[in-house]
Amino acid sequence: MAGARKPVVEVRRSQRRRRTVSAYRDGERVVVLIPDQFSRAEETEWVDRMLARLAAREGRLVRTDHELFGRATRLRGLYLAEYGDQAVPVSVRWVTNQNGRWGSCTPADRTIRISHRIQDMPDWVIDYVLLHELAHLIVPSHNARFWALVGRYPKAERARGYLEGVAAASGTPLTD
Ligand SMILES: [Zn+2]
């Protein structure tokens with residue numbers, strides 16, 4: 001399945017709307033109509049939801065924060081199940097301000113950020129980066145125990161090779 005960057009979204013608030021949300025594509029943009037009373041959090045949640053809905057209708061996968069969190073939940077279940085809450089992040093977000101890293105994790109507040117640079121990479125590469133950051137919730141440093149956790153992912157080595165290749169080609173020494 002081909003990934004797609006999050007499109008440019010224009011949110012229009014309407015006082016006439018009460019609870020209904022709708023979205024449509026207008027050229028390169030997606031217009032999302034929401035009730036005026038929605039909070040910022042509701043706006044974010046609904047924009048993600050409507051983008052996913054539009055994408056599903058168009059047979060594409062849009063990589064939103066919401067989708068990323070769902071992906072993290074699936075990976076935890078597959079590879080880190082016995083750690084339970086220890087591997088549950090508070091938030092998982094796409095970020096654009098992470099130039100030297102594919103992803104990062106702050107174990108203290110249990111937040112994970114994933115670079116938009118991998119947004120168009122294959123699913124199995126995104127899964128690797130995400131699992132790597134989830135494993136940091138359990139083991140913060142890159143020690144043997146950490147690599148044993150990451151090694152549970154069957155394509156870990158392949159994904160590392162892929163990322164190294166991309167970093168070398170772009171001339172940026174990216175790290176995890
Ligand atoms: Zn790491």
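The values are calculated or read from the model by the stated rules, or taken from the named source; none is laboratory data. Since the structure is predicted, the reported quantities are computational estimates derived from the model, not experimental observations. Every residue, glycine among them, receives a Cβ derived from its backbone with ideal geometry; neighbour counts consider all protein chains shown.
For the residues Thr20, Thr44, the requirement of being of a type in the set (S, T, N, Q), at pLDDT below 90, outside any helix (DSSP H, G or I) and at negative phi singles out Thr20. Scanning region 19-68 for residues that are touching a Ser or Thr at 6+ places or on another chain (Cβ under 8 Å), among the acidic types (Asp, Glu) and under 13 Å from Val8 (Cα atoms) yields one hit, Asp48.
Rundown of residues vs (1) in contact with a Pro (Cβ under 6 Å, 6 or more places away or on another chain); (2) under 19 Å from Arg63 (Cα atoms); (3) of a type outside the set (Asp, Glu); (4) free of Cβ contacts under 8 Å to residues at least 40 places away in the same chain, yes/no style:
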| site | (1), (2), (3), (4) |
| --- | --- |
| Arg110 | yes, no, yes, yes |
| Val129 | no, yes, yes, no |
| Val150 | no, no, yes, yes |
| Tyr153 | no, no, yes, no |
| Gly161 | no, no, yes, yes |
| Gly165 | no, no, yes, yes |
| Ser170 | no, no, yes, yes |
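Within the option set Gln119, Gln98, being within 16 Å of the ligand (Cβ to nearest atom), at pLDDT below 90 and not acidic (Asp, Glu) holds for one residue only, Gln98. Checked against the criterion of being touching a Ser or Thr at 6+ places or on another chain (Cβ under 8 Å) and within 15 Å of the ligand (Cβ to nearest atom), the candidates Arg113, Arg160 yield just one match: Arg113. Selection over region 139-155 of residues that are in a helix (DSSP H, G or I) and away from the ligand (no atom under 12 Å from the Cβ) gives a count of 3. Condition first: without any contact (Cβ under 8 Å) to a residue 24 or more places away in the chain, closer than 30 Å to Gly171 by Cα and surrounded by fewer than 17 Cβ atoms within 10 Å (Cβ to Cβ). Can you find one or more residues in region 89-96 that meet it? Looking for residues that are without any contact (Cβ under 8 Å) to a residue 24 or more places away in the chain, closer than 30 Å to Gly171 by Cα and surrounded by fewer than 17 Cβ atoms within 10 Å (Cβ to Cβ), one finds at least one in region 89-96, hence yes.
For Gln37, the criteria (1) in contact with a Phe, Trp or Tyr (Cβ under 9 Å, 6 or more places away or on another chain); (2) outside any helix (DSSP H, G or I) hold in every case but one, which is (1). Checked against the criteria, Arg76 counts as more than 15 Å from the ligand (Cβ to nearest atom) and surrounded by 14 or more Cβ atoms within 10 Å (Cβ to Cβ).
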